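One structure is given below, encoded as structure tokens.
Please treat every number below as a calculation from the coordinates, not as lab data. From a predicted model like this one, the values you see are computed outputs, not experimental measurements. Heads up, the Cβs are rebuilt from the backbone with ideal geometry, glycines too, and the neighbour counts pull from every protein chain shown.
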Amino acid sequence: MIKTETFFIGDGMDQPFFEKFVLALRKKKSIKLGKFGTFRLVEMKARKAKDINTGEEIEIPTQRTVKFKPSDTLKRLVQKKQV
């Protein structure tokens, strides 16, 4: 069995940095962090879906979400075997 750990950096993140990051994302729609990757703000169109509990058709409104694309460097580093 493989033991995994999850690290949540939100609590330890510098609040002014996080606020500036969000504001920049809203203004520019995209933020590239060197060899780490790119964050993009994407607007998802409204769509219809089915409520799994009732089977009723519901409308999901337009919403914004953030997508992340890792850089080739990050992908390569993640694939390396640990010694």
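Normalised by 2.2 N^0.38 Å, with N the number of residues, the alpha-carbon radius of gyration of the range 15-79 equals 1.56.
Summing Cβ point charges (Lys, Arg +1; Asp, Glu -1) relative to the Cα centre of the range 15-79 gives a dipole of roughly 600 debye. Based on C-alpha pairs under 8 angstrom that are at least 6 apart in sequence, the range 15-79 has a relative contact order of 30 percent. Scanning residues 5 or more positions from Gly37 or on other chains, those with amide H under 5 Å from its amide H are Ser71, with H placed 1.01 Å from N in the peptide plane.
Selection among Met44, Thr62, Val22 by position relative to the dipole of the range 15-79 gives Val22 as farthest towards the positive end (Cβ unit charges, Cα centre).
Neighbour counting of Cβ atoms within 10 Å sorts the residues Ile31, Ile58, Ile52, fewest neighbours leading, into Ile52, Ile58, Ile31.
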